[in-house]
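Okay, so here's the structure we're looking at.
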Amino acid sequence: MAALATRRRRPSESDRLLPSTSADGYTKVDKKPAASLGAEEVEKGLSWMFPVFALGLLRYLSATTNIVHDCDEVFNYWEPLHFLLYKSGFQTWEYSSQFALRSYLYILFHYLVGWPASWCYSWLEEEKVRVFYAVRIFLGLLSVVTEAALVVALSRKYGKRLALYTLAMLCLTSGCFFASTTTGVILGWPFSILAFLPVTVSALSRRFKRAFLSGALISITLLALSVLVDYHYYGKWTSSVMNLLVYNVLGGGESHLYGTEGPLFYLKNGFNNFNFALVLALLFVATLPVTKKKYAPDLLIVVSPVYIWLTFMSLQPHKEERFLYPIYPLICVAAASVIDSLPDFFYDRYRTEQTLLHKTAKYVRPLLIGLVLCVSHSRTFSIINGYAAPLEIYKHFEHHYDAGSGAVVCVGSEWHRFPSSFFIPDYVSEVRWIDDGFRGLLPFPFNSTLGGTSAAPPYFNNKNKGSPDQFLQDVERCDFLVELQLQRPFPSRGSDLLKWEEFSRFGEFHSLLLSPFWKIRWMK
């Protein structure tokens, strides 16, 4: 026997860090992995299979059902690609060698898929519209790879729940569904540096020499490639990257001529595409006092371009929805992190997971995700069904070869909804605009006699002043007419059934006819 004196054990340094006594609030980082899992399996996170499968399915649906959201997408990307493939297509003033604001390097990126697809479908005697969808599927594949990498990286660093929430938003929010298979530009667009600036600065601060050398090498290589490719197509030494920067930022141009919007445009547009997820994403910084141990500084650095991009773009007078595309995945990450952290707010206050508020917050998380995704699905479905008329109308041309070779398709006020020359069959010799009141400068067909891509046609200008040659004066030359019928005080051209026979009609919603509430659901 022995005399024994005892006292209650005092907390050791390792005990102090346990969730039950933490002074910094509960975080996923504080949780120790279950013994059965092992440290290596926990760090592994999600496998690639599920994100790739989920994103692949949704990106394929986007590629095959998505509408064309912007006429700039058609005339600045699809039409130059069509010209490189088929030697016909529309040219905008930005592609005139006099101004050279667009780089053909980005077009060649699509050409790598478009050329073999065009050759294959030509050999199979299939319509060239299939090339359009083949390129879209390729863009969707790139989206799958990059977004799956993001999801897997999040799961390994912050846990599977945050990764799965992000994956759900990447798959089903309207913004990501539409933007993932839309031609846009990161490569050669000087403003895209804002999306990488915080990560670049962070990398430089940690490994300056390595980050600086690799970043400088990539930037110089891309810039040199852009200059060489543009020299080949424009027929002169020029830098489209610098030309675009001077035109939009340094006062060398007048981008406001092509539409200006107020400072809240991107917030309204972002809410249309992400609904409550945008609000949650913008609250990310406000939650840092509670979540800083879990998310600062690494995740803060990753999502900070959301604020930088929105601020910079909102200060520019000329605004377009597609300008927000580069930060769409980051909006999903920021919103998912806020939802994932909801229980932390109550743990930080009560220091226990057993309170009703803490338990309720856990159940609110999936409900919030469900609300965001349901509203997004409603908008996605509405846009696809309410604004798909242009694509469906032009698909019908392939069934009217009886019109004969040399047919002319005429387009009136709906020129901005032209889905691209990929939808125009070979028997159609040209697409022409007819005067319907628009006084700005319209695209002209590429003129091979003037030099094609190297031409500087006299009818182009950077003042958005219409040319008298942009309209077909003799409407009697039209074999087909595409127009939008609205309740107007004057009849539409196609309403004269003595001259025209209707072969296709599709309903389409018009924003002027909708109340503000329904515009949120339907507005493009």
At a 1.4 Å probe radius, which order do Ile383, Ile393, Ile193 fall into by accessible area, largest first?
Ile193, Ile393, Ile383
Largest to smallest principal axis extent of the C-alpha atoms in region 128-242, angstrom
53, 49, 17
Within region 151-310, what whole-number % of the accessible surface is contributed by carbon and sulfur, with the 1.4 Å probe and all protein chains included in the calculation?
71 percent
For region 372-455, max minus min Cα coordinate along each principal axis, in Å, sorted largest first?
53, 34, 28
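Pairs to check: Lys293/Lys359; Lys87/Lys268; Lys268/Lys395; Lys292/Lys362; Lys319/Lys362; Lys268/Lys293. Give those whose C-alpha atoms are more than 29 Å from each other in this structure.
Working: Lys293/Lys359 21 Å; Lys87/Lys268 40 Å; Lys268/Lys395 33 Å; Lys292/Lys362 19 Å; Lys319/Lys362 39 Å; Lys268/Lys293 32 Å.
The answer is Lys87/Lys268; Lys268/Lys395; Lys319/Lys362; Lys268/Lys293.
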Residue-level accessible surface for Asp435, protein heavy atoms, 1.4 Å, Å²
70 Å²
Heavy atoms of Cys71: accessible area, 1.4 Å probe, square angstrom to 10:
40 Å²
Using a ≥ b ≥ c from the Cα gyration tensor of region 195-296 (square roots of the eigenvalues), is it rounded, prolate or oblate, where a/c under 1.5 gives rounded and otherwise the larger of a/b and b/c decides, a/b for prolate?
oblate
Tell me, in nm to one decimal, what length is gained between Arg322 and Ser192 on full extension, where the rule is 0.36 nm per residue of separation less the Cα-Cα distance?
45.6 nm
Select from region 73-181 those trypsin sites (Lys or Arg not before Pro) which occupy a DSSP coil region and have at most 14 other Cβ atoms within 10 Å, ordered by residue number.
Lys87
When the C-alpha atoms of region 56-101 are aligned to their principal axes, what extent does each axis show, in angstrom, from largest down?
43, 21, 15
Ratio of the Cα radius of gyration of region 267-342 to 2.2 N^0.38 Å, where N counts its residues:
1.09
FRET E, pair Val249, Ser314, Förster distance 22 Å, beta-carbon r, rounded to 0.05:
0.95
Backbone HN-Hα couplings from phi across region 365-379 [Karplus 6.51/-1.76/1.60, Hz, Gly and Pro as x]
3, x, 5, 5, 4, x, 4, 4, 6, 5, 5, 5, 4, 4, 5
Given R₀ = 51 Å, what would the calculated FRET efficiency be for Ser219 paired with Leu356, taking r from the Cβ atoms and rounding to 0.05?
0.40
Separation in nanometres of the label points that stand 7 Å from Cα toward Cβ, at Tyr133 and Met242:
4.4 nm
Could you compute the FRET efficiency for Ser467 and Leu124, with r as their C-beta to C-beta distance and R0 at 30 Å, rounded to 0.05?
0.15
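The values are calculated or read from the model by the stated rules, or taken from the named source; none is laboratory data. Remember, predicted model here, so these are calculated numbers, not experimental data. All Cβ positions, even for glycine, are placed from backbone atoms using ideal geometry, and neighbour counts span all protein chains on display. These accessible areas exclude ligands, DNA and RNA; they are computed on the full protein's heavy atoms, side chains included. Shrake-Rupley method; radii C 1.70, N 1.55, O 1.52, S 1.80 Å.
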